[in-house]
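So the structure is just underneath, and the comments pick up after that.
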Amino acid sequence: MADLCSHRWTILAVPLVCLTLVGSLLVHWPTLLNTFQRPKLLPNPNPILKSTITFNIANVTTIESSTIPVNATTTTVLIWYWAFGFNQGIRENVCKDRFGITNCILTDDRSLFSKADFIVFHNRELITGQQRLPLHLPRPQNQGWVWFSMESPANNGNLRPFAGKFNYTMSYRRDADFFMPYGWLASRNVAPGMTVEDFIPKKKSHLACWIVSNYARHHERTRVYNRLKQVINVEVYGGAVNRSLAREHVLPTISHCYFYLAFENSKFQDYITEKLWKNALQGGAVPVVLGPPRKNYEAMIPKDSFIHVDDFESEEELGQFLKELAGDRERYASYFKWKLNYTAAETSNWFVEPQCRICTKLTTLQRPKVYRDLQSWEWK
């Protein structure tokens, strides 16, 4: 009898187990399916940008959990150390007071390590050995570590030791988890009757100018400048030529120039710095850019608002074009048409604002992940 009962129970148990497995698959199918989907594109922060973001997930490992590793009410962001040692002396409500970001605690108190939702590590101090990752501490399971750098790959050092350590990236790169551009175009409405001429500084006394602090012979921008100055006069400022400008004199000086040489120190994807956003666009000069390809700039600013070095066969041809353009008032003014709809903006505080902005990205943040090969992501 015992054997018969056992046999009957086995027969009944098989379909019950099958039904349980099917039910479980139905419940978890969306999560399982989502595991094999490519991450969604982040929403474009600027409506005029023609987003060309593509995601390469080969170097990203997705963790099973699809929940956002943050507190339901308040997000705590811990700055493990200050970038370049510039301590900002922040208060707990700094994100709300400065940027209107609520439910966001920004702190540099390391005793809150176990309670932090995100910890931000600036790359420069890590690669120089000035700081270390707190690998000796018991890390909370859902805590997100953020790798932060605004430097190009050429200046970020060897990132291979950080493989598998970071969950998120914060960078000028548009495919970073936290996209922090050096600048952007913000929409605006101008007063009725205003024309492009109202936005062009009237006293233009120099054809071109360039402010450079890091003057190195091996830089491509140095080679281009040395050839260009044979064709046109370029007013050069900065510590590299012992002709420094006080901060308050930078934009007024640039405003007297028809063109500004917004030359980057290296050419990498999305690496478009304050040389364009602040010096040229805010300074009231037409930017002559050297950096990533034209299409990369066109994803950030209108195609008829700048001049790209790559558009010319030689520096001699570029110099002749600049001289002719400066003499054609109507054509020169056309490079300022963007000002009728936009104004050039920039991050107000690199040491605080990007970290506070983490709290505004939670709804679009991809599920927890770890960068298996941060070096490859940086150089792709």
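For the reader, a short list of remarks on this structure follows.
- Among the trypsin sites (Lys or Arg not before Pro) found in region 224-287, those both in a DSSP coil and sparsely packed, with 15 or fewer other Cβ atoms within 10 Å of their Cβ, are LYS229.
- Shape box of region 184-346 [Cα atoms, principal axes, largest first, Å]: 49, 33, 31
- Coupling constants for region 247-252 follow from the phi torsions by the Karplus curve (6.51 cos²θ - 1.76 cosθ + 1.60, θ = phi - 60°), and in residue order they are 3, 6, 9, 4, 5, x Hz; glycine and proline get x.
- With R₀ fixed at 51 Å, the C-beta to C-beta distance from PHE84 to ARG329 puts the FRET efficiency at about 0.70.
- When DSSP beta bridges are restricted to pairs lying wholly in region 184-346, around 25% turn out antiparallel.
- Remark: MET180, MET300, MET194 ranked as MET194, MET180, MET300, counting other beta-carbon atoms within 10 Å and listing the fewest first.
- Summary of the geometry: region 283-344 and region 66-144, compared by the centres of their Cα atoms, lie 40 Å apart.
- Footprinting exposure proxy for GLU248, GLU235, GLU378 (fewest neighbouring C-beta atoms within 10 Å first): GLU248, GLU235, GLU378
- Karplus-derived HN-Hα couplings along region 375-380 (A = 6.51, B = -1.76, C = 1.60, θ = phi - 60°), whole Hz, x at Gly and Pro: 4, 5, 4, 5, 9, 5
- For ILE211, the shell of other residues with beta-carbons less than 14 Å away shows a net charge of +1, using +1 for Lys and Arg and -1 for Asp and Glu.
- Amide H contacts of LYS204 (H built 1.01 Å from N, under 5 Å, at least 5 apart or other chain): none
- Packing-based exposure ordering (other Cβ within 10 Å, fewest first) of LEU362, LEU185: LEU362, LEU185
- For region 272-343, the set of GluC sites (Glu not before Pro) satisfying both a DSSP loop assignment and a count of at most 13 other C-beta atoms within 10 Å is given as GLU313.
- Candidates per trypsin sites (Lys or Arg not before Pro) in region 82-149, loop by DSSP, up to 16 other Cβ within 10 Å: ARG91, ARG132
Values in this text are rule-based calculations from the coordinates and carry no lab data. Every value quoted in this text rests on a predicted model; they were computed, and no experiment measured them. So basically every Cβ, Gly included, is an ideal-geometry build from the backbone, and we count neighbours across all protein chains shown.
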